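Chemist: Below you will find the structure I want to go over with you.
The values are calculated or read from the model by the stated rules, or taken from the named source; none is laboratory data. Bear in mind the structure is a predicted one, so any value in this text is a computation, not a measurement. Note that each Cβ is placed from the backbone with ideal geometry, even for glycine, and that neighbours are counted across all protein chains shown.
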Amino acid sequence: MDLWTIFIHDTDWNFIGELLLRCLIMYTMIIVFLRLTGKRGVRQLSIFEVAIILALGSIAGDPMFDETLPLIQAFIVMSVIILLYRLTTYLTMKYQPFEDLLEGKPLYIVEDGMMVLRHIAQGKMSHDEFFAEMRQQGAEHLGQIRTGLLESDGKFSILFYSPEEVRYGLPLFPKDQKIIKEVEPHTYYACLHCGNVVLLSTPDEICQRCYSCKWILALNTQRQT
Ligand SMILES: [Zn+2]
């Protein structure tokens, strides 16, 4: 192992000068091309836009230090990528099916205080992630939530029930999620998997909605405002 080869090899002052110039030009090019995407920030990037930005970054990287790569090639490739990007965003604005394909559709995760089964089964996000999102937005149990929507950019939107509409629901905080061993009469229990709320006669009853059999003591507390 030769440290000189690893760190310096055949780099001379002349080439270091070329590197500085290459970096300066590529840096400017990235900024200009990112401006051409028309995006104002990175807060709401879809998967598709992240892919474009990764592609631009990767195109820009090599010509910064590879003396065999003329910058015009990077310029042409970036121009083509940006043109394709502008064309696809135009098509997504014009044609709804195209948009659904590229950006994904919003998914209903919670409806009427219960998990929507067909979507949680698809595994777009885990139960724990949904629960975390709902906790962060101030929900204590599913009975407070009328609608929970997973937006196509990955954000989670919640519509709450008004205080008088709050019903019994599945607790969202781990310390409240203790699987019951025995049942009390006239007490509501929530299915840990789907949020279905029922009166139980035995602790190992099968949930009629999702066919699992883990039950938690349901809550009907109101939100702190
Ligand atoms: Zn269930």
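Chemist: Please go through (1) over 25 Å from TYR108 (Cα atoms); (2) assigned to a loop (DSSP other than H, G, I, E, B) for ILE206 and return the number of the only condition it doesn't satisfy.
Modeler: (1)
Chemist: Restricting to region 185-214, give me the number of residues that are touching a Leu at 6+ places or on another chain (Cβ under 9 Å) and more than 9 Å from the ligand (Cβ to nearest atom).
Modeler: Of the residues in region 185-214, 6 are touching a Leu at 6+ places or on another chain (Cβ under 9 Å) and more than 9 Å from the ligand (Cβ to nearest atom).
Chemist: Give the residue, chosen from LEU107, LEU149, LEU102, that is more than 14 Å from the ligand (Cβ to nearest atom), aliphatic (A, V, I, L, M) and at pLDDT 90 or above.
Modeler: Values: LEU107 fails: at pLDDT 90 or above; LEU102 fails: at pLDDT 90 or above.
Testing whether each residue is more than 14 Å from the ligand (Cβ to nearest atom), aliphatic (A, V, I, L, M) and at pLDDT 90 or above leaves just LEU149.
Chemist: I would also like to ask the following. Can you name the residue in region 170-184 that is more than 15 Å from the ligand (Cβ to nearest atom) and not in a loop (DSSP other than H, G, I, E, B) and is also farthest from GLY148 (Cα to Cα) among such residues? Even if it seems obvious, please write down each step before you answer.
Modeler: First, the residues of region 170-184 that are more than 15 Å from the ligand (Cβ to nearest atom): 172-176, 178, 181-184.
Right, trim to not in a loop (DSSP other than H, G, I, E, B) and you get 174-176.
Details: PRO174: 19, LYS175: 22, ASP176: 21 Å.
Restricting to residues being more than 15 Å from the ligand (Cβ to nearest atom) and not in a loop (DSSP other than H, G, I, E, B), the top hit is LYS175.
Chemist: May I pose another question? Test ARG135 against the criterion of being of a type in the set (D, E, K, R) and at pLDDT 85 or above, and give yes or no.
Modeler: Values: of a type in the set (D, E, K, R): yes; at pLDDT 85 or above: yes.
Yes.
Chemist: May I pose another question? Which of (1) touching a residue at least 40 places away in the same chain (Cβ under 8 Å); (2) surrounded by fewer than 18 Cβ atoms within 10 Å (Cβ to Cβ); (3) more than 29 Å from the chain's Cα centre (by Cα) does PRO185 not meet, given it meets every other one?
Modeler: (1)
Chemist: Would you tally the residues in region 168-182 being crowded, with 16+ Cβ neighbours inside 10 Å and out of contact with any Leu (no Cβ under 8 Å at 6 or more places or on another chain)?
Modeler: The number of residues fulfilling the criteria is 0.
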